[in-house]
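Here's the structure, in structure tokens; my notes come after.
The values are calculated or read from the model by the stated rules, or taken from the named source; none is laboratory data. Source: prediction; values computed, not measured. Positions of Cβ are generated from backbone atoms using ideal geometry, with glycine treated the same way; all protein chains shown enter the neighbour counts.
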Amino acid sequence: MFGFIMEGAHWLDAWLRQHIGRAYAGILGAGMAASIVASLRGLGHAMGSSPDILKIAGLVAFQLILLVNQLAQFHDYRQEAKARRAARRDVGRN
């Protein structure tokens, strides 16, 4: 079941990239940036909200893991965008 969902999500992402193009990429980039900002805010809130040191440590660790993942996804997204732009430039030169 999970594999089916993952395959469907991959297909939908590819379809949206192909048919909506730059608008989809822009929305995706803005969403990733907003998610990263929200993670940073959540991290700051977790560090200042509770006197329970174990709870703080767990929340901080979780937020840091999510932030690392989001930054990696954003990096991948930017690399793909650069590759697409380079491919378009190369096609225009030939």
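Before moving on, here are some points about what is shown:
- Conditions (1) surrounded by 15 or more Cβ atoms within 10 Å (Cβ to Cβ); (2) more than 11 Å from the chain's Cα centre (by Cα); (3) closer than 26 Å to Lys82 by Cβ; (4) not polar (S, T, N, Q): number failed by Ile36: (2)
- Checklist (1) exposed (fewer than 11 other Cβ atoms within 10 Å of the Cβ); (2) modelled with pLDDT of 80 or more; (3) not β-branched (Val, Ile, Thr) applied to Gly48, failing item: (2)
- Members of the range 69-86 that are hydrophobic (A, V, I, L, M, F, W, C) and in contact (Cβ under 8 Å) with a residue 24 or more places away in the chain: Leu71, Phe74, Ala81
- Of the residues examined, Ala61 is not one that is within 30 Å of Gln18 (Cβ to Cβ) and at pLDDT 80 or above.
- Residue match in the range 42-50 (condition: of a type in the set (S, T, N, Q) and within 19 Å of the chain's Cα centre (by Cα)): no
- First in the range 18-33 and at negative phi, second anywhere and of a type in the set (A, V, I, L, M), Cβ under 7 Å, 6 or more apart: Tyr24/Leu16; Ala25/Ala81
- Residue in the range 79-90 that is at pLDDT 80 or above and either over 30 Å from Gly21 (Cα atoms) or touching a Gly at 6+ places or on another chain (Cβ under 9 Å) (or both) present: yes
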